[in-house]
């Protein structure tokens with residue numbers, strides 16, 4: 001079974017805000033915004049400035065995602081969780097930025113001094129990640145489950161072993177760039193570096209294409225894999241299937257498959273973190289006299305004792321009946337919200353009993369009720385006195 005790991009979402013700055021563009025920005029607007037930031041925070045203009053170097057790399061990360069239609073769609077839907085591991089570059093080093101996006105500037109500010117002149121085709125690259133969705137019930141999310149997921153990905157062509165060349169042949173070094181994947185020209189004090197137009201940066205050219213993959217070196221496949229979902233997962237958790245993504249380039253490792261968790265709504269239970277909440281209706285007599293009722297839990301209905309005098313809106317907490325932490329750090333609680341139901345229809349006998357109760361309550365008014373009605377009477381009495389006094393003063397003024 002493939003290696004499985006759980007990844008939590010990490011709060012990061014919004015890529016749209018980072019580039020200073022609207023979410024509906026066009027590709028041209030995104031490119032222009034990135035070019036402006038890259039020039040502003042370029043190391044040549046900010047020597048020794050660590051903050052500028054960080055902003056330079058952040059802008060590159062944002063641009064790589066928003067300039068790619070597929071990655072941008074994932075980002076808009078899942079946020080940072082949808083593109084973690086899906087980018088081609090890590091941008092841990094300034095030279096990674098120069099190599100990835102130097103062509104946007106004609107290569108002028110991304111020269112060989114920063115490693116931009118390395119041969120692209122020979123550098124191993126990790127394959128792109130793929131994503132799929134796994135839908136769980138709340139019970140499955142609490143207990144863990146084994147699911148079968150299906151997704152599309154590319155696999156190395158078995159006929160050409162990924163070279164793209166017809167069997168019996170092999171790719172040949174590009175004559176135009178000498179196998180470097182890039183061409184460099186001098187323009188005054190600048191050395192302009194651009195992707196080789198002949199091999200498109202690969203450094204080699206396939207003369208006779210593989211008939212099975214059309215020279216791409218990969219074929220699209222529909223695969224099914226089993227994934228073990230750990231107990232306690234939530235919507236902000238992704239489960240990783242290591243090595244199940246797109247094949248890498250130039251001998252690089254394959255990407256991963258990230259299973260994005262979606263949890264169905266439960267008919268009675270609502271999740272908040274590791275706690276669960278439910279609303280339970282009780283009758284007036286049960287609330288007044290106390291009762292034992294059944295409440296919904298992840299394991300089915302369980303008895304709960306309601307003490308006499310429970311009030312509408314009271315919350316009863318049952319420890320240990322919530323969701324487990326995904327990393328095994330305890331279990332949440334179940335919060336039972338009491339809802340006292342008032343009957344809309346009464347039998348003659350029930351109405352008779354309630355009228356007797358009303359008479360009894362009138363004879364022995366509780367201190368709280370007495371206080372409420374006393375304050376209510378005082379409020380209206382004071383208000384009436386003020387209005388009467390004001391009217392009298394107005395009439396005296398008119399007589400004068």
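The values are calculated or read from the model by the stated rules, or taken from the named source; none is laboratory data. All figures in this text were calculated on a predicted structure; none of them were measured in a lab. Methodologically, a virtual Cβ is constructed for each residue, glycine included, from the backbone with ideal geometry; neighbour enumeration extends over all protein chains shown.
Considering only residues of the stretch 135-151 that are surrounded by fewer than 17 Cβ atoms within 10 Å (Cβ to Cβ) and assigned to a strand (DSSP E or B), which is nearest to the chain's Cα centre (by Cα)?
Top of the filtered list is 135.
Answer yes or no as to whether residue 239 is touching a strand residue (DSSP E or B) at 6+ places or on another chain (Cβ under 6 Å) and either over 30 Å from residue 333 (Cβ atoms) or outside any loop (DSSP other than H, G, I, E, B) (or both). Let's see the steps before the verdict.
Numbers: touching a strand residue (DSSP E or B) at 6+ places or on another chain (Cβ under 6 Å): yes; either over 30 Å from residue 333 (Cβ atoms) or outside any loop (DSSP other than H, G, I, E, B) (or both): yes.
Spelling it out, residue 239 is indeed touching a strand residue (DSSP E or B) at 6+ places or on another chain (Cβ under 6 Å) and either over 30 Å from residue 333 (Cβ atoms) or outside any loop (DSSP other than H, G, I, E, B) (or both).
Please count how many residues of the stretch 152-162 are closer than 28 Å to residue 240 by Cα and buried (at least 19 other Cβ atoms within 10 Å of the Cβ).
Going through the stretch 152-162 one residue at a time, the tally reaches 4.
With the requirement that a residue be loosely packed, with under 14 Cβ neighbours inside 10 Å, farther than 10 Å from residue 164 by Cα and modelled with pLDDT of 90 or more, what does the stretch 195-221 give you?
Passing the criteria: 220, 221.
Could you please let me know if residue 371 is under 55 Å from the mean Cα position of the chain (by Cα), assigned to a helix (DSSP H, G or I) and at pLDDT below 80? Talk me through it step by step, then tell me what you get.
Details: under 55 Å from the mean Cα position of the chain (by Cα): yes; assigned to a helix (DSSP H, G or I): yes; at pLDDT below 80: yes.
Yes: the conditions hold for residue 371.
Please pick out the residue among 68, 93 that is modelled with pLDDT under 80 and closer than 24 Å to residue 193 by Cα. Working first, answer last.
Numbers: 68 fails: modelled with pLDDT under 80.
Being modelled with pLDDT under 80 and closer than 24 Å to residue 193 by Cα holds for just one of 68, 93, which is 93.
Hey, among the residues in the stretch 265-286 that are in a loop (DSSP other than H, G, I, E, B) and out of contact with any helix residue (DSSP H, G or I) (no Cβ under 7 Å at 6 or more places or on another chain), which one's nearest to residue 353 (Cα to Cα)?
Once the filter is applied, the top-ranked residue is 268.
Conditions (1) closer than 27 Å to residue 129 by Cβ; (2) out of contact with any strand residue (DSSP E or B) (no Cβ under 6 Å at 6 or more places or on another chain); (3) in a loop (DSSP other than H, G, I, E, B); (4) at pLDDT below 85, marked per residue:
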site	(1), (2), (3), (4)
7	yes, no, no, yes
10	yes, yes, yes, yes
32	no, yes, no, no
45	no, yes, yes, yes
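Give me the residue from the stretch 328-351 that is out of contact with any strand residue (DSSP E or B) (no Cβ under 8 Å at 6 or more places or on another chain) and surrounded by 11 or more Cβ atoms within 10 Å (Cβ to Cβ) and, out of that set, farthest from residue 142 (Cα to Cα).
351
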